[in-house]
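Data first, discussion second: the structure below is written as structure tokens.
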Amino acid sequence: MTTDEERLNRIAELRDQLDAIRAELFAEIRAVFPENRGEPPKRGLLTEVTRRARWTREYVAQIRDGKAGD
């Protein structure tokens, strides 16, 4: 039988994992865009990242530009 305290501890543990995964995901999204590496932009990349991340173009663009996720 699981106690409330065990569930609360599990919630905190999962939240920590979520924060770590989210930070890694945002870093990968920023890194995939060539313009963030000083290279020319690549057509269609925003659309592809949007599809794979399952977020809106606007949100992915904010992440790309460093305006979201910190």
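Applying 0.36 nm per residue to the separation of residue 59 and residue 7 and subtracting their alpha-carbon distance, the gain on full extension is 15.5 nm.
Of the trypsin sites (Lys or Arg not before Pro) found in the chain, the ones in coil according to DSSP and having at most 11 other Cβ atoms within 10 Å of their Cβ are 43, 54, 67.
Convex hull volume per residue, computed on the Cα atoms of the chain, equals 98 Å³.
The numbers here are math on the coordinates, done by the rules we state, and not lab data. None of the values given here were measured: they were computed from a predicted structure. Note that we place each Cβ from the backbone using ideal geometry, even for glycine, and neighbour counts take in every protein chain shown.
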